[in-house]
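Just so you know, all these numbers are worked out from the coordinates, no wet-lab data involved. Just so it is clear, the structure is predicted and the values come from calculations on it, not from any experiment. Neighbour counts run over all protein chains shown; Cβ positions are idealised from the backbone, glycine included.
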Amino acid sequence: MTPHSSNLEQFLAAFHDSNPGITARAFADLAVVKAGRRFASSYECLANEVPETEAPYTLLDLACGDGFLLSLFAARGQSNLSLIGIDLSQGELDAAHHRLGRAATLQQGRAHALPMATASLDHVVCHMALMLMEEIEVVLTEVHRILKKGAVFAAVVGTRPPPSPIFDSYIALLSQYPRKVEFNGIRFGDRRLQTRDGITKLFSNNFEVISVQELLIQRRSSPGELCAWFQDMYDFHMLGEVCQREFNAKFIAATEAQCDSDGKVEYSDLLYLITAAAA
C-alpha cells in the first residue's frame, strides 16, 4: 500500500488485490446508450472520447484496474501513443501487466499525489473510480496539474440508477444486515459526483467546457445473473458470509416474483460520462 493512504484506500486496495479484474467483469459486457448511440460498454464509450490522431500523445488511465480500458487504446496500434496506468492495488496492476505486457507503463500510486510532471499529459481517463475517492478537490487539482492546457479529462462515474423494484429490493435487503465491524467506518467518495450540478461545481475550479452525459444500461437478466452482478458490489463484500448467503436467497426470491414468463426481468442502471478541458 502507498504512503499516507486512508482507511478507504486501504480497503479498496485490499479488495482489489483479492478480486483483480472485478470492475471489468461487471461492466465490460454491459452495453450503454448515450444520446441514442449504442456502445458495447462504458469502457468503449469512454475510449471514444479520445480521438485517434497522428500526433504523438500521452494518456493516463487513473485507477486503471486490470488494464481493460488501456487495452482498448493499445488495440489502436498507434506507435505515437504512450499509455500509463496507475492504481492503488498491486493485484490489479499484476493483472494489467499480464493483459498489456509492454504496451503500457504501470505504476502503483494515489490519485492525490500523481507521479507525473506538471503539464505533461495529453489525456486522462478514469472508469468507475472517481466517485469513490475522498478529498475529490485534491484529486481534481492533481489531474489538472498534470494535464496540458486545454487537454481533456474524461471519466465515467456511477450514480443512483432509475427507480426500480429490483434496486429497491437490493437497498432494503442491505439495510437488514450489518457490515463486518472492521468496515463500519468506510464511506465511499463524495456525493456531489452523483448529480450534474454537483459535478459541474466540483470541476469548475480547474476545468472548463464541462459536459455531463447520461449512459443508460438496460438489460434482461435472470434472478441468478442479477444476484451475481450485485455480488461484485463493495457493500455486498462488507457483509459476513452468513449474511451474504441469506441476502442472496432473499434477493433471488424477491427478483423471481418480478420476472416475466421467460424467467427474466428488465433492469436499468445509470452512469455519467464527464468530460472537461483543463483551464
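Things worth noting here:
- Only listed residue being among the aliphatic types (A, V, I, L, M), farther than 19 Å from ARG160 by Cα and out of contact with any Asp or Glu (no Cβ under 8 Å at 6 or more places or on another chain), chosen from MET233, MET238: MET238
- Residue within the range 180-196 that is closer than 30 Å to SER120 by Cα and acidic (Asp, Glu) present: yes
- Look at (1) buried (at least 21 other Cβ atoms within 10 Å of the Cβ); (2) in contact (Cβ under 8 Å) with a residue 40 or more places away in the chain; (3) within 22 Å of TYR272 (Cβ to Cβ) and you find that VAL139 fails only one, number (2).
- Taken over the range 161-178, the criterion of being farther than 21 Å from PHE11 by Cα and either surrounded by 15 or more Cβ atoms within 10 Å (Cβ to Cβ) or touching a Lys or Arg at 6+ places or on another chain (Cβ under 6 Å) (or both) is satisfied by PRO161, SER164, ILE166, PHE167, SER169, TYR170, LEU173.
- Test result for LEU70, free of Cβ contacts under 8 Å to residues at least 60 places away in the same chain and part of a helix (DSSP H, G or I): yes
- The set of residues from the range 185-215 being among the acidic types (Asp, Glu), in contact (Cβ under 8 Å) with a residue 24 or more places away in the chain and farther than 19 Å from GLU49 by Cα comprises just one member, ASP190.
- Only one of the listed residues (GLY189, GLY185, GLY198) is over 18 Å from GLU137 (Cα atoms) and not hydroxyl-bearing (Ser, Thr, Tyr). That residue is GLY185.
- Residue that is farthest from PHE15 (Cα to Cα) [pool: residues in the range 237-252 that are without any contact (Cβ under 8 Å) to a residue 24 or more places away in the chain and not β-branched (Val, Ile, Thr)]: ALA249
- Any hit, the range 85-95, residues being farther than 25 Å from VAL152 by Cα and of a type in the set (A, V, I, L, M, F, W, C): yes
- Looking across the range 12-31, the residues that are surrounded by 15 or more Cβ atoms within 10 Å (Cβ to Cβ) and either of a type in the set (Asp, Glu) or more than 19 Å from LEU70 (Cα to Cα) (or both) come down to LEU12, ALA13, PHE15, ASP17.
- Here the helices (runs of 4 or more DSSP H) wholly within the range 179-279 that include at least 2 residues being surrounded by 15 or more Cβ atoms within 10 Å (Cβ to Cβ) and touching a Cys at 6+ places or on another chain (Cβ under 9 Å) are 241-256.
- Within the range 64-95, restricting attention to residues that are closer than 10 Å to GLN107 by Cα and within 16 Å of the chain's Cα centre (by Cα), the residue that is surrounded by the fewest Cβ atoms within 10 Å (Cβ to Cβ) is ILE86.
- Yes/no for PHE153 being more than 30 Å from LYS264 (Cα to Cα), within 21 Å of the chain's Cα centre (by Cα) and among the aromatic types (Phe, Trp, Tyr): yes
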